[in-house]
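Notes for the one structure printed next.
Derivation of every value follows stated rules applied to the coordinates shown; laboratory data play no part. Owing to the predicted nature of the structure, the values given are computational and were not obtained by experimental measurement. Positions of Cβ are generated from backbone atoms using ideal geometry, with glycine treated the same way; all protein chains shown enter the neighbour counts.
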Amino acid sequence: MSHPVILGVGYAVPDNKVSNDDLSKVIDTNDEWITERTGIKTRYISKDENTSDLAVRAALKAIDDAHIDPKVIDCIIVATLTPDAMMPCTAALVQAKLNLSHQRMMVFDLNGACSGFLLALQTVDALIQSAQVTTALIIGSETLSKILDYTDRGTAVLFGDGAGAFLVSSSSNAHPWTHFVNTQGDLEDTLSTDGLSLNASLKNIQGETPYLRMKGQAVFRFAIRAVEDAIRQVILKSNLSLDEIDLIIPHQANARILGHVADKMNFPLSKFVMNMDEFGNTSSASIPIAFAQAKAKGLIHKDMHVLLVGFGAGLIWASSLIEL
Ligand SMILES: CC(C)(COP(=O)(O)OP(=O)(O)OC[C@H]1O[C@@H](n2cnc3c(N)ncnc32)[C@H](O)[C@@H]1OP(=O)(O)O)[C@@H](O)C(=O)NCCC(=O)NCCS
């Protein structure tokens, strides 16, 4: 049976880098508070690139990294909670911008919030194993700044824009990946966006932005439980032990969450890849950005066991264990 193998990775962020000090000019906050509570120092906020534009830039880097002809791609999935529009799906826009519109392809968006990229990875694994797809672009891309309420200092300081991409191909020699996912839907109001109004008035509704809302401490408590659970469950499903994990690439929400998990699991924090200091929380983009940046820094090598772990709105938590 064929399994997926990662051929290339890439990431892209907007040019506009915004520091905590920059934010403190428009919000009642300060660098010390944000750094201490989250580990975040800067984030990128898009001025003119939408989710599909960032996705395309990340995808081109992944294609370049893979050294393949993009004409072999037969699937594009964009994990996002901030699509360019409700329709068409961002993945179709990406296909067009990559000039791949005239080849047979399955494309769709997937919204699993901050776990979205891992849900897309798990989906592609299943599509490859069932021989429906041979070569897939899996992209996490967000322009979260579109849905941030800049009067809410509890959320506006946490998030940033960006995209990360994996180019994955079917191989008969690849090591199988192990996955875990779980959801607790009755906690949906812990982390959500404002809903869009129903409209029986037959008059247009103007200017509704579905702003992001969060119960910070509840999410914090959930995240600590969820990250540990997702790590333990995926290891249990594999034939490996925790000691054999070379690197953990977690969703980049908050350095303190990861510090708590590392302590509780007695696992070295140095094996967690962290870059939220530069990018903030980019939701579905954070894991592929962290992976691509770690690879560019030479931290990722063949035969390593890399564990990806995500958590966020849904509430959904997920993990994938990949032997490279
Ligand atoms: C958001 C988070 C950093 C807030 O930290 P906290 O310790 O829970 O802080 P609280 O919300 O209790 O607020 C404490 C105080 O700081 C203030 N505060 C909140 N945001 C602030 C900011 N950006 N700057 C300065 N002060 C701020 C609050 O108003 C409150 O002030 P008060 O004591 O005078 O009422 C923390 O809850 C967290 O990280 N949660 C997880 C969030 C997350 O990761 N979400 C994404 C998951 S995918």
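Filter the cross-link list LYS264/LYS295; LYS271/LYS295; LYS25/LYS47; LYS61/LYS295; LYS271/LYS297 down to pairs whose alpha-carbon distance in this structure exceeds 20 Å.
Going by Cα-Cα distance, LYS264/LYS295 fall outside the 20 Å limit.
Quote the charge dipole size of the chain about the Cα centre in Debye, to the nearest 20; the model charges only the Cβ of Lys and Arg (+1) and of Asp and Glu (-1).
Here the chain has a charge dipole of around 220 debye.
Taking θ = phi - 60°, what integer Hz values does the Karplus form 6.51 cos²θ - 1.76 cosθ + 1.60 yield along the range 315-321, in sequence order, with x for Gly and Pro?
Going residue by residue, I get 6, 10, 9, 8, 8, 9, 10 Hz, with x marking Gly and Pro.
Going through the DSSP H helices of the chain, which span 27 Å or more along their own axis at the Cα atoms while scoring at least 0.0 as a mean Kyte-Doolittle hydropathy?
216-237
For LEU202 and ASP246 in the same chain, what is the full-extension length gain: residue separation times 0.36 nm, less their Cα-Cα distance, in nm?
Taking 0.36 nm per residue and subtracting the Cα distance, the gain is 10.1 nm.
Work out from phi, with θ = phi - 60° and the Karplus expression 6.51 cos²θ - 1.76 cosθ + 1.60, the ³J(HN,Hα) of each residue of the range 156-172, listed in order in whole Hz, and give x for Gly and Pro.
Those phi angles translate into 4, 7, 8, 10, x, 9, x, 8, x, 9, 10, 9, 10, 10, 7, 9, 7 Hz.
Given points 7 Å out from each Cα along the Cα-Cβ axis, report the LYS302 to ASP64 separation in nanometres with one decimal.
Label at LYS302, label at ASP64, 2.4 nm between them.
Which of these, THR90, THR190, THR82, has the largest mean-square fluctuation under a Gaussian network model of the chain (Cα springs below 10 Å)?
The residue with the greatest mean-square fluctuation here is THR190.
Going toward the positive end of the dipole of the chain, with +1 on Lys and Arg Cβ and -1 on Asp and Glu Cβ, which of ASN266, ALA290, LEU121 do you reach last?
With unit charges placed on the Cβ atoms, the residue in question is LEU121.
Sorted by mean Cβ packing within 10 Å, highest first, what order do the peptides 24-34, 2-12 take?
Averaged packing, sorted descending, gives the order 2-12, 24-34.
I need the phi-derived Karplus couplings for the range 194-199: 6.51 cos²θ - 1.76 cosθ + 1.60, θ = phi - 60°, integer Hz, Gly and Pro marked x.
So the Karplus estimates, Gly and Pro as x, are 4, x, 8, 5, 6, 9 Hz.
Using a Gaussian network model on the chain with a 10 Å cutoff between Cα atoms, which of GLN103, GLN206, GLN293 fluctuates the most?
GLN206
Extension gain LEU269-THR209, at 0.36 nm per residue separation less the Cα-Cα distance, in nm?
Net length gain for the segment: 17.8 nm.
Are there trypsin sites (Lys or Arg not before Pro) in the range 98-154 that DSSP marks as loop and that have at most 15 other Cβ atoms within 10 Å, and which are they?
Sparse-neighbourhood loop trypsin sites (Lys or Arg not before Pro): ARG104.
Taking H as built 1.01 Å from N, whose amide H comes closer than 5 Å to the amide H of VAL157, not counting residues under 5 places away?
The list, which skips near neighbours in sequence, is empty: none.
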